[in-house]
Amino acid sequence: MNPSDAPGGSMGLGTSPMGTPGPAPLPLSPPISLTRAAFGPVLLIVIGLLFVIEYAGGPRVGQTWPALIITAGLLKLAEYMRNREV
């Protein structure tokens with residue numbers, strides 16, 4: 001009997017190391033860029049720094065919220081520039 005004659009023989013089934021039919025390997029997900037992966041952690045660090053600055057007697061967090069928008073914009077710009085190079 002030819003393997004392609006068996007039920008599901010060549011319909012996307014892979015073979016295990018022992019040669020028996022098994023499930024097809026899963027496709028790999030595309031890699032996540034470093035700037036996209038760092039977006040959340042960097043914003044959390046900036047928020048923490050703004051609270052530390054307020055606690056140290058600096059301007060209140062309510063007055064420094066533009067720093068969050070600037071940080072997010074810089075990260076998005078870095079992501080765009082990196083994707084443009086590829």
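The values are calculated or read from the model by the stated rules, or taken from the named source; none is laboratory data. Values in this document were obtained by computation on a predicted structure and should not be read as measured data. For neighbour counting, all protein chains shown are included, and Cβ atoms are generated from backbone atoms with ideal geometry for every residue, glycine included.
Quick one: which residue in Gly19, Gly40, Gly9 is surrounded by 10 or more Cβ atoms within 10 Å (Cβ to Cβ), among the small types (Gly, Ala, Ser), in a loop (DSSP other than H, G, I, E, B) and at pLDDT below 90?
Gly9 is the lone residue from the list that is surrounded by 10 or more Cβ atoms within 10 Å (Cβ to Cβ), among the small types (Gly, Ala, Ser), in a loop (DSSP other than H, G, I, E, B) and at pLDDT below 90.
Give the residues of the range 48-62 that are modelled with pLDDT of 90 or more and not in a loop (DSSP other than H, G, I, E, B), sorted by residue number.
Gly48, Leu49, Leu50, Phe51, Val52, Ile53, Glu54, Tyr55
Which one is surrounded by the fewest Cβ atoms within 10 Å (Cβ to Cβ) among residues in the range 58-86 that are more than 18 Å from Ala38 (Cα to Cα) and among the small types (Gly, Ala, Ser)?
Looking at the filtered set, the residue picked out is Gly62.
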